[in-house]
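Enquirer: The structure is given below, and queries will be raised subsequently.
Just so it is clear, none of the values below were taken in a lab; they were calculated from the coordinates. Computed from a predicted structure; not experimentally measured. Neighbour counts are summed over all protein chains in view; Cβ atoms, including those assigned to glycine, are modelled from backbone coordinates with ideal geometry.
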Amino acid sequence: MATHPPDDALRVAELEAQALQSDPEILRTLGPPLSRRSPFMIGLLGAAGVVTTLAIARIVLDTSSVLLVIGLSLFLAIGMEPAVQRLMLWRLPRWVAVAIVSGLMLLIVFGFLAMVIPVLVGQLQRFLESIPSYLDDLHRNPTFAGLDARYHISQQIDSASRSIANGTVFGGVLGAGKVVLSATASTLTVLVLTTYLLADMPRIRQLIYQLIPASRRPAAILLGDEMLAKVGGYVLGNLITSLIAGIGTFFWLLAFDVPYAALLGITVAFLDLIPVIGAPLGGAICTLVALTVSAPIAIATAIFYTVYKLLEDWFLVPRIIGRTVDVPATVTLVAALVGGAALGIMGAVIAIPIAAALRLWLREILLPRLDQA
């Protein structure tokens, strides 16, 4: 191995000492910065970006269930905010308004479950016991008999009903218990987190607005508050109209002795949360069940849901939600389809208020900038 002679090393040291004596500030002088256009920096930044993106994607996938709960809680908190603001107009402190709204929400949810669960269990048991008789009636129809002979529909329905009745769908009694406990825990988590987010909503808004540059903050506050008002008005109004749909379904079916009135009422209430297709789908299900009573009652049920849908669109929605959302019908349909394809039922529910917020952003920010470009 080649080595430098000792004289060369001493000479280099002497030269460095002389340079320091002549210019003591030489050690404080920074060298030229690394060029961001150099191949090394481009490759380093590109690799760091890829690694960061993969890490974020992995974190999002691993915590998707938690993020869904947080998103749902935030969505509900925004929906309850108009009620809190309305109570604060009566000169109530915010914590009192939040306590009243949260207490009413908990009372409605748990009171509803306490009243409905026993009825649902009984009606579900009767429905499972009645499936063989329903299948026998359907076999008298030549069209269904032909389809059943080809696709074995009745056999699959009978197998599924036996699995539900025996508890094998959820893995037996222990599995069913785990499902019930998991659902109860998730519901409690959403309700508690919604209460906390509702209480901290002013601080959350302030934190978000502080992340915006001061020069653009006033416009961002006006635009953000209007977006939150649209989302909150839609959520609260949609919950109210869905509750009306479920109660109306229950009393209608109960008046004509249609079986499973409570079960169908809850089904319609949940389906009515889905825009565009929810209410017609619930009406179709109730009409099919009413057909087991008689054809005239089934026709009357179909007419009832047609009239109700018209009243909901032209009377209830304008008065409950008003022009808070103000989204055209075409945008509503497209948003519901895209949201449903991306996130399922939850995506379809939140698609319309998100579309309303995006429409407001386009109208107030993007389009004026494009007109001035």
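Enquirer: Take LEU61, LEU362 and order them by how many other Cβ atoms sit within 10 Å, fewest up front.
Expert: Taking fewest neighbouring Cβ atoms as first place, the list is LEU61, LEU362.
Enquirer: Now a separate question. To check my understanding: the extent here is largest minus smallest coordinate of the Cα atoms along each principal axis. What are those three numbers for segment 223-367, in Å, largest first?
Expert: Result for segment 223-367: principal-axis Cα extents of 57, 30, 21 Å.
Enquirer: Can you give me the relative contact order of segment 250-373 as a percent, contacts being Cα pairs under 8 Å and 6 or more apart?
Expert: Rounded, it is 18 percent for segment 250-373.
Enquirer: Extending each Cα 7 Å along its Cβ direction at GLN206 and LEU104, get the distance between those two points in nm, one decimal.
Expert: Distance between label points: 2.6 nm.
Enquirer: Once you list every other residue whose beta carbon is under 15 Å from the beta carbon of THR306, what net charge do they have if Lys and Arg are +1 and Asp and Glu are -1?
Expert: -2
Enquirer: Follow-up. Quick one: order GLU226, GLU81 by neighbouring beta-carbon count within 10 Å, fewest to most.
Expert: GLU226, GLU81
Enquirer: Give me ASP200, ASP272 sorted ascending by neighbouring Cβ count inside 10 Å, so fewest comes first.
Expert: With the fewest neighbours first, ASP200, ASP272 line up as ASP200, ASP272.
Enquirer: Using the 2.2 N^0.38 Å rule of thumb for compact globular proteins, work out how segment 235-294 stacks up: its C-alpha Rg over that value, please.
Expert: Ratio of Cα Rg to 2.2 N^0.38 Å: 1.06.
Enquirer: Using the basic label-point model (7 angstrom from Cα toward the beta carbon), what is the LEU67 to ASP225 distance in nanometres?
Expert: The answer from the label model is 3.1 nm.
Enquirer: Mind giving me the FRET efficiency for LEU367 and MET41? R0 is 30 Å, r the Cβ-Cβ distance, nearest 0.05 is fine.
Expert: Efficiency, from the Cβ-Cβ distance: 0.20.
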